[in-house]
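The values are calculated or read from the model by the stated rules, or taken from the named source; none is laboratory data. The model shown is predicted, which means the values in this text are computed figures rather than measured ones. Glycine gets a Cβ as well: all are built from the backbone with ideal geometry, and neighbour counts include every protein chain shown.
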Number of protein chains: 2
Amino acid sequence: MPRTRSETYPDDLVALAAVARALAHPGRLQLLEAIAARRSCVCGELVELMPLAQSTVSQHLKELKEAGLVHGVVDGPRTCYCVDAGKLAAVGAAFAGLFARLGCCERPKEEDHG
Amino acid sequence: MPRTRSETYPDDLVALAAVARALAHPGRLQLLEAIAARRSCVCGELVELMPLAQSTVSQHLKELKEAGLVHGVVDGPRTCYCVDAGKLAAVGAAFAGLFARLGCCERPKEEDHG
DNA sequence: GGGTATTATCGTATATCTACGATTTACGAT
DNA sequence: ATCGTAAATCGTAGATATACGATAATACCC
């Protein structure tokens, strides 16, 4: 049995789910925040502040890269990671749109009476 | 090896990652949208429009419930699902905050010059 | 109580995720 | 060419995820 029958779902949902999966690990969220806070960050620094082995951090970074959230620039013997601001903006908008759609038919307590 | 060393990460990141994981499947996104669009939705209807077996849909609904995104109300022999608007608002705000933090140190092309 | 419909749960097979150590690759210095 | 450092990849073990059919639980009708 395939893990997910992606063919049967709309492309935008498949794409959004893929990004959500990239975000679905606290370590990756922490990596993202560290990279963003430092503007750009060498892999070694990230390994230092994470409670994970170097190979594991590298693997998480690869997932973030494959999701398009960051990119790594080879800088001599090291790799410098930075967030993709454009992608982040697009993903942020996609999530905002999702939650807007999910909430649009709900009137939890009261409607806007102004 | 434990799947994730949640103890070592900040609580808010762990919580956000958990919600992201609930969203990390196109089927669950579609379920959420269907439930929201119909205001409330009986499980059987959801099974009809999903390309999944009844047991699988039930399992996905359980995950959405455990993430707090929906709740199911037993209505006679069936179960009626609806989204938790308050939770969705909170989660939406959490994601907005995340993307704001991630983007705050980035000036991709130009700053707001108005 | 017996029968039917609806949903949840169980058991299970396969695939993916997470983590690690070990190794390989790439670069700079000697 | 050799060594050392930094990062990616390989191989692997164990836990989770996804999907299904089968079964159990619940409510309704008679």
From the option list A:75, A:11, A:84, single residue qualifying as without any contact (Cβ under 8 Å) to a residue 60 or more places away in the chain and within 11 Å of the chain's Cα centre (by Cα) is A:84
Can you pull out the residues in region A:50-67 that are among the hydroxyl-bearing types (Ser, Thr, Tyr) and within 14 Å of chain B (Cβ to nearest Cβ)?
A:55, A:56
Given the structure, is residue A:70 among the aliphatic types (A, V, I, L, M), surrounded by 15 or more Cβ atoms within 10 Å (Cβ to Cβ), within 11 Å of chain B (Cβ to nearest Cβ) and touching a residue at least 24 places away in the same chain (Cβ under 8 Å)?
yes
Give me a count of the residues in region A:73-88 that are assigned to a helix (DSSP H, G or I) and surrounded by fewer than 17 Cβ atoms within 10 Å (Cβ to Cβ).
3
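Among the candidates A:42, A:70, A:57, A:47, which residue alone is modelled with pLDDT under 95 and within 16 Å of DNA strand C (Cβ to nearest atom)?
A:42
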Residues of region A:60-92 satisfying the condition of being within 9 Å of DNA strand D (Cβ to nearest atom) and under 19 Å from residue B:20 (Cα atoms)
A:61, A:62, A:65
Please work out if residue A:39 is over 30 Å from residue B:33 (Cα atoms), more than 13 Å from DNA strand D (Cβ to nearest atom) and either assigned to a helix (DSSP H, G or I) or of a type outside the set (A, V, I, L, M, F, W, C) (or both).
yes
Mind listing whichever residues of region B:21-49 are surrounded by fewer than 20 Cβ atoms within 10 Å (Cβ to Cβ), more than 8 Å from every other protein chain (Cβ to nearest Cβ) and among the small types (Gly, Ala, Ser)?
B:34, B:40, B:44
Given the criterion touching a residue at least 12 places away in the same chain (Cβ under 8 Å) and over 16 Å from the mean Cα position of the chain (by Cα), identify the matching residue among B:16, B:32, B:52.
B:52
